[in-house]
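S.K.: So that we are looking at the same thing, I have put the structure below in structure tokens.
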Amino acid sequence: MELNTNGIIGQSTTLAGVFKMLVKVAPTDSTVLVTGESGTGKELLVRALHANSNRANKPFVPINCGAIPKELLESELFGHEKGAFTHAIRSRAGRYELADGGTIFLDEIGEMDLSLQVKILRVLQEKEIERVGGSGVKKVDVRIVAATNRDLENEVKAGHFREDLYYRLNVIPLHLPPLRERGGDVILLARHFLNKFCEKKGREPLDLAPKTVRILQAYAWPGNVRELENFMERLSILTDGDVVNPSDLPDKILNQVADLDDEAEVAFEEAAQQLAAPTASAAQTSQPRQGFVWPDLADLEKLGLSLKDFLDTVETRIIDQALEKASGAKNLAAEYLGMKRTTFIEKLKKRHQ
Ligand SMILES: Nc1ncnc2c1ncn2[C@@H]1O[C@H](COP(=O)(O)OP(=O)(O)OP(=O)(O)O)[C@@H](O)[C@H]1O
Ligand SMILES: [Mg+2]
């Protein structure tokens with residue numbers, strides 16, 4: 001089956017695992033429980049699940065159990081009959097009925113009251129609902145997908161969540177890893193959002209300086225993708241020039257990364273040297289290198305760089321070597337690189353911007 005990722009961006013192996021599950025689970029009618037820290041993209045994933053299901057042409061009805069006052073949640077879910085309570089001046093269908101044939105998304109299910117949990121369990125078992133103040137039941141064909149950023153197992157232990165409902169919901173668990181565990185996805189997403197916001201604001205696309213890339217990669221992103229998205233919007237407004245430099249980053253990020261930074265800097269330099277320095281030391285010592293090894297994905301991951309930053313780093317290093325070998329003569333350096341002098345000078349200019 002061809003997966004429609006529905007705008008979910010990421011190439012990390014952790015996310016690939018989620019997509020793999022999604023392909024298998026989407027076309028079934030199984031109940032799915034999506035877990036993950038706040039801002040990891042749970043809602044986006046649930047929408048993708050629906051879009052890839054056989055119910056894609058039927059309604060997708062989200063309901064945020066944490067945002068609706070608990071006295072109203074039951075009638076919101078199941079509807080009510082006229083006169084069921086003081087303000088019930090007319091009968092009204094609930095979200096379950098609206099979702100018939102499609103998917104209902106019970107977001108922040110961990111916030112749901114115990115008494116209502118019983119009723120959800122009943123719907124799961126009987127596949128029928130009863131409006132508040134109603135006297136009969138109605139069959140519904142609704143797929144239930146729930147999400148939470150709480151640890152429901154702990155909630156069960158603490159007596160805040162019904163164990164039976166937990167097992168019933170957790171038929172297929174889908175866990176979205178936090179952004180800090182998604183390696184190069186941080187930069188992939190950063191660039192995506194940055195381009196998006198720059199375009200929206202009608203400005204030239206902003207580039208990330210290599211050091212900015214390393215800082216963004218090292219930051220822990222407690223608010224995950226949402227934090228990154230908001231943050232890129234801010235940069236698209238506040239950054240002068242066309243490159244985001246570390247000085248453009250807010251203290252919140254710089255402070256957290258500061259301690260890490262020295263260590264990261266050393267590790268980065270070491271790894272980069274291992275990768276590219278054989279050439280450098282060869283130039284310095286005139287010792288021929290032993291064989292040639294193509295850099296591979298593992299090298300990217302070791303450095304925590306995206307492909308673009310990796311290639312930029314390699315390019316910078318080789319340009320430096322050419323300049324060194326040519327004792328600074330740009331014509332000659334360009335020749336060593338098999339490049340037109342004008343192109344070479346353009347490249348040098350870009351670097352110093
Ligand atoms: N992998 C991704 N690719 C592109 N955009 C993403 C990705 N993950 C999340 N987003 C975007 O980040 C924002 C937060 O995502 P979403 O609302 O799905 O998170 P959530 O896990 O439901 O958060 P919360 O627990 O706070 O409700 C949204 O604007 C969403 O479009
Ligand atoms: Mg959400």
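S.K.: If you go through the stretch 1-60 one residue at a time, how many are in a loop (DSSP other than H, G, I, E, B), within 16 Å of ligand 2 (Cβ to nearest atom) and closer than 26 Å to residue 297 by Cβ?
M.R.: Qualifying residue count, the stretch 1-60: 6.
Per-residue answers, yes or no, for (1) over 30 Å from residue 114 (Cβ atoms); (2) without any contact (Cβ under 8 Å) to a residue 60 or more places away in the chain; (3) more than 16 Å from ligand 2 (Cβ to nearest atom); (4) part of a helix (DSSP H, G or I):
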| residue | (1), (2), (3), (4) |
| --- | --- |
| 145 | no, no, no, no |
| 188 | yes, no, yes, yes |
| 195 | yes, yes, yes, yes |
| 213 | yes, no, yes, yes |
| 216 | yes, yes, yes, yes |
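S.K.: Then there's this: Give me the residue from the stretch 159-171 that is buried (at least 18 other Cβ atoms within 10 Å of the Cβ) and among the aliphatic types (A, V, I, L, M) and, out of that set, nearest to the chain's Cα centre (by Cα).
M.R.: It comes out as 169.
S.K.: Between a residue in the stretch 299-322 that is of a type in the set (Ser, Thr, Tyr) and any residue that is part of a loop (DSSP other than H, G, I, E, B), which pairs come within a Cβ distance under 8 Å, given they are 6 or more apart or on different chains?
M.R.: So the pair list comes out as 306/184; 313/305.
S.K.: Cβ-Cβ below 6 Å, separation at least six or inter-chain, first residue in the stretch 327-339 and among the hydrophobic types (A, V, I, L, M, F, W, C), second not in a loop (DSSP other than H, G, I, E, B): which pairs?
M.R.: Cβ pairs passing all conditions: 333/322; 333/323; 334/341; 334/344; 337/322.
S.K.: Is it the case that some residue within the stretch 139-149 is charged (D, E, K, R), open to solvent by 60 Å² or more (accessible area, probe 1.4 Å) and away from ligand 1 (no atom under 16 Å from the Cβ)? Lay out the reasoning, then the answer.
M.R.: The first filter runs over the stretch 139-149 and keeps only residues charged (D, E, K, R), leaving 139, 141, 143.
Those still in the list that are open to solvent by 60 Å² or more (accessible area, probe 1.4 Å) too: 139, 141.
Next, from what is left, pick out any that are away from ligand 1 (no atom under 16 Å from the Cβ): 139, 141.
Yes.
S.K.: On the basis of being out of contact with any Gly (no Cβ under 7 Å at 6 or more places or on another chain), open to solvent by 20 Å² or more (accessible area, probe 1.4 Å) and at pLDDT 95 or above, does residue 156 make the cut?
M.R.: On the way: out of contact with any Gly (no Cβ under 7 Å at 6 or more places or on another chain): yes; open to solvent by 20 Å² or more (accessible area, probe 1.4 Å): yes; at pLDDT 95 or above: yes.
Answer is yes for this residue.
S.K.: From the residues in the stretch 288-315 that are assigned to a loop (DSSP other than H, G, I, E, B) and surrounded by 10 or more Cβ atoms within 10 Å (Cβ to Cβ), which one is modelled with the lowest pLDDT?
M.R.: Per the criteria, the residue is 289.
S.K.: Further question on the same structure: Which of the residues spanning the stretch 1-35 are on the phi > 0 side of the Ramachandran plot and small (Gly, Ala, Ser)?
M.R.: Result: 7, 10.
S.K.: Report whether or not residue 106 is in contact (Cβ under 8 Å) with a residue 40 or more places away in the chain and of a type outside the set (Asp, Glu).
M.R.: Criteria met by residue 106.
S.K.: Can you work out which of the residues in the stretch 25-50 that are free of Cβ contacts under 8 Å to residues at least 60 places away in the same chain and over 20 Å from residue 168 (Cβ atoms) is farthest from ligand 1 (Cβ to nearest atom)?
M.R.: 27
The values are calculated or read from the model by the stated rules, or taken from the named source; none is laboratory data. If you're wondering where the values come from, they're calculated on a predicted model, not measured in any experiment. FYI the Cβ positions are ideal-geometry reconstructions off the backbone, even for glycines, and counts take in every protein chain you see. Accessible surface is based on the protein model in full, side chains and every heavy atom, while ligands, DNA and RNA are left aside. Shrake-Rupley method; radii C 1.70, N 1.55, O 1.52, S 1.80 Å.
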